[in-house]
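Please read the structure below before turning to the comments.
The values are calculated or read from the model by the stated rules, or taken from the named source; none is laboratory data. From a predicted model like this one, the values you see are computed outputs, not experimental measurements. Cβ sites come from the backbone with ideal geometry, for glycine too, and all protein chains shown count toward neighbours. Side chains included, ligands, DNA and RNA excluded: accessible areas come from the protein's heavy atoms. Shrake-Rupley method; radii C 1.70, N 1.55, O 1.52, S 1.80 Å.
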Amino acid sequence: MSGAIPIGFRLPDRYRKGDPLSRSVLVTGGNRGIGLAIARAFAESGDKVAITYRSGDPAELEKAGLLAVKCDITDGEQVEQAYKEIEEKHGPVEVLVANAGVTKDQLLMRMSEEDFTSVVDTNLTGTFRVVKRSNRGMLRAKKGRVVLISSVVGLLGSAGQANYAASKAGLVGFARSLARELGSRNITFNVVAPGFVDTDMTAVLTDEQRAGIVSQVPLGRYAQPEEIAAAVKFLASDDASYITGAVIPVDGGLGMGH
C-alpha cells in the first residue's frame, strides 16, 4: 500500500518518543568558515539553528534562517545571556557544536603570556563555559549531543602554535572526561579534528605556503568546510548514538596514526 511503513522499519528514538523533528542547535563562532558551513548543514535539515558571533553584521545570517546572537565566549555573563535568548526562541539546546576559536601564532621565545592565555581562554576555557551551560538543559532532558571542533594541530603539533595546539589538544581530554561523566545521561561528547580547510583564514597564505601544506596531505588537497560539517552532522545524528569520546579526523590523512 502506498505510504505504508515497511515491515521491520524502526523510527529513530527521537521520533518514536514524540520529540519535535526540529532540534535546537547552537554553533559557536558560526558566522563564517567551518562554523557557518556547520550551521547551514543543520538548518538545511530543518533544525532550529542559533550561532554566536563576536563582530560583524548578522543580517545576512538571519536571512539564511539562522538566529545570530552576539556573544564573546570568554565572558561568562555573555554566555549566560546568549543561552537565555536561544532558549526563549528555540528551546533548550539539544545539539551544541563548540567551534569558536582564535589563533595568535608566535615562536615560543617571542610568545607573550597574553598570547598564550588568551588563546587558551577562548579555545579551551570558552568551550568549558558553553558546554557547562548547555548541559543544564541536556541533563533535564536526559539526552544531548556535543561536538567539539579541535584541529589536526592539536594532535600533531606545529611550530609557532604551541598555544593553539595546547588548547586544541585539551579539548580531547575534556570531551573524553565528560563522555565518561555523562554517558549514563544519554549525552554524547565527540571531537572533530579538521586538517587544513579552504576558508578565509587559509586564503591569506601565499601560493608557495599552500603548496607546501598540500604536499603533506595524502589526499593532495585542502578540505572544504562542508566536509567538516558532514562529520559533525553525523555525530549529532541518531546513527551515531553509540559513539562517544571519539576523535574523528577530517584531514585528508595528514594526522594519520594520531
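Summary table
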| item | result |
| --- | --- |
| Sole residue being open to solvent by 70 Å² or more (accessible area, probe 1.4 Å), at pLDDT below 95 and either within 24 Å of Phe234 (Cβ to Cβ) or of a type outside the set (Ser, Thr, Tyr) (or both), chosen from Lys70, Lys89, Lys17 | Lys17 |
| All positions within region 137-188 that are without any contact (Cβ under 8 Å) to a residue 40 or more places away in the chain and not acidic (Asp, Glu) | Val153, Gly154, Gly157, Ser158, Ala165, Ala169, Gly173, Ser177, Ser184 |
| Residue check for Leu235: modelled with pLDDT of 95 or more, more than 13 Å from the chain's Cα centre (by Cα) and surrounded by 21 or more Cβ atoms within 10 Å (Cβ to Cβ) | no |
| Inter-residue pairs, beta-carbon under 6 Å, first charged (D, E, K, R) and in region 119-134, second open to solvent by less than 20 Å² (accessible area, probe 1.4 Å) and in a helix (DSSP H, G or I), 6+ apart | Arg129/Val79; Arg133/Val79; Arg133/Tyr83 |
| Complete set of residues in region 133-158 that are out of contact with any Leu (no Cβ under 7 Å at 6 or more places or on another chain), outside any strand (DSSP E or B) and hydrophobic (A, V, I, L, M, F, W, C) | Met138, Leu139, Ala141, Val153, Leu155, Leu156 |
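Residue-wise test of (1) at pLDDT below 95; (2) part of a strand (DSSP E or B); (3) farther than 15 Å from Leu148 by Cα.
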position: Arg176; (1), (2), (3): no, no, no
position: Ala179; (1), (2), (3): no, no, no
position: Val192; (1), (2), (3): no, yes, no
position: Glu208; (1), (2), (3): yes, no, yes
position: Gln216; (1), (2), (3): yes, no, yes
position: Ala230; (1), (2), (3): no, no, no
